[in-house]
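Heads up, the thing below is written out as structure tokens.
The values are calculated or read from the model by the stated rules, or taken from the named source; none is laboratory data. Bear in mind that the values here come from a model prediction, so they are computed numbers and not experimental data. Glycine also receives a Cβ, built like all others from the backbone with ideal geometry; neighbour counts cover every protein chain displayed. Protein only, heavy atoms only, side chains kept; ligands, DNA and RNA dropped before computing areas. Shrake-Rupley method; radii C 1.70, N 1.55, O 1.52, S 1.80 Å.
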Amino acid sequence: MTRPILISPSILSADFARLGEEVRAIDAAGCDWVHIDVMDGHFVPNITIGPNVVKALRPHTQKTFDVHLMISPVDLYLDAFASAGADIITVHPEAGPHIHCTVQHIKSLGVKAGVVLNPGTPAKMLDYLMDDVDLILVMSVNPGFGGQSFIENQLRKIEAIRKMIDKTGRDIHLQVDGGIDVSTAPKAIAAGADVLVAGTATFRGGPDAYADNIRKLRGG
Ligand code: DX5
Ligand code: ZN
């Protein structure tokens, strides 16, 4: 089955001094979503951006804000990211005590709910969340930094989750994040992913290269 492939550039690799312009540039270059990596220096060893930055970026594009929260405890901040303009909020099960409650909380805010699995977290974690999630994210690197190498054994997890999704008959996105470039993107797609996050591979070469970079990731 062929499904449309969506590209969600991670603005972690953008020029932080010109974030609004960078978001407008990837929008004009044909990205589908905008992936926003939120890190707290505690759940992961890096600190990035908070809800105020998401709010400041919101007027710069109408594209879906795909917000990946790498913060713990996560529940306290869900409302702030929803009101800042997130369209999808994706959370790690390790970032709070009750992932099922966290997913319900996100949905109650009128936002789509994603669950993300670290490389060491098994697909089985999702068994009792499949009725509720809108997106599943497979990390193909350990979270914290851009520019790491794709961990190949995560392809097996993507394949397994693709089967789980198809069994539900629900419209659940299967996203992959970390080390996506022109050589790993086709493998992730073949394994069943339909949304590719790419930081380094999108922003490489500066604004003139973004459209070409995005087209190549999509396989075009
Ligand atoms: C890692 C982040 C990723 C990262 C991807 O913790 O979740 O979104 O920015 O960067 P690349 O595409 O450079 O691997
Ligand atoms: Zn991410």
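Tabulated data for the structure shown
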quantity: Selected residue (criterion: nearest to Asp177 (Cα to Cα)) from residues of segment 52-69 that are open to solvent by 40 Å² or more (accessible area, probe 1.4 Å) and of a type outside the set (S, T, N, Q); calculated: Lys63
quantity: Filter result (within 11 Å of ligand 1 (Cβ to nearest atom) and either in contact (Cβ under 8 Å) with a residue 40 or more places away in the chain or of a type outside the set (A, V, I, L, M) (or both)) within segment 139-165; calculated: Ser140, Asn142, Pro143, Gly144, Phe145, Gly146, Gly147, Gln148, Ser149, Phe150
quantity: Members of segment 176-192 found to be open to solvent by less than 20 Å² (accessible area, probe 1.4 Å), of a type outside the set (S, T, N, Q) and either more than 14 Å from ligand 2 (Cβ to nearest atom) or over 16 Å from His35 (Cα atoms) (or both), listed by number; calculated: Ala185, Ala188, Ala191, Gly192
quantity: Count - residues of segment 167-190 that are more than 13 Å from the chain's Cα centre (by Cα), within 10 Å of ligand 1 (Cβ to nearest atom) and of a type in the set (Val, Ile, Thr); calculated: 1
quantity: Checklist (1) more than 16 Å from ligand 2 (Cβ to nearest atom); (2) in a helix (DSSP H, G or I) applied to Ile158, failing item; calculated: (1)
quantity: Selection from segment 123-140 of residues that are crowded, with 19+ Cβ neighbours inside 10 Å and either of a type in the set (Phe, Trp, Tyr) or over 12 Å from Leu174 (Cα atoms) (or both); calculated: Leu126, Ser140
quantity: Verdict on Ile88 being surrounded by 15 or more Cβ atoms within 10 Å (Cβ to Cβ), within 29 Å of Arg156 (Cβ to Cβ), touching a residue at least 40 places away in the same chain (Cβ under 8 Å) and within 16 Å of ligand 2 (Cβ to nearest atom); calculated: yes
quantity: Tabulated pairs, segment 193-217, first over 13 Å from Asp181 (Cβ atoms) and open to solvent by 60 Å² or more (accessible area, probe 1.4 Å), second at pLDDT 95 or above and assigned to a helix (DSSP H, G or I), C-beta under 9 angstrom, 6+ apart or interchain; calculated: Pro207/Glu21; Pro207/Glu22; Pro207/Ala25; Pro207/Ile26; Pro207/Ala28
quantity: Selection from segment 141-155 of residues that are open to solvent by less than 30 Å² (accessible area, probe 1.4 Å) and either assigned to a loop (DSSP other than H, G, I, E, B) or touching a Leu at 6+ places or on another chain (Cβ under 6 Å) (or both); calculated: Val141, Pro143, Gly144, Phe150
quantity: Among residues of segment 1-51, those that are loosely packed, with under 15 Cβ neighbours inside 10 Å, of a type in the set (D, E, K, R) and part of a loop (DSSP other than H, G, I, E, B), counted; calculated: 2
quantity: Residues (away from ligand 2 (no atom under 13 Å from the Cβ) and closer than 14 Å to Phe145 by Cα) located in segment 15-56; calculated: Asp40, Gly41, His42, Pro45, Ile47
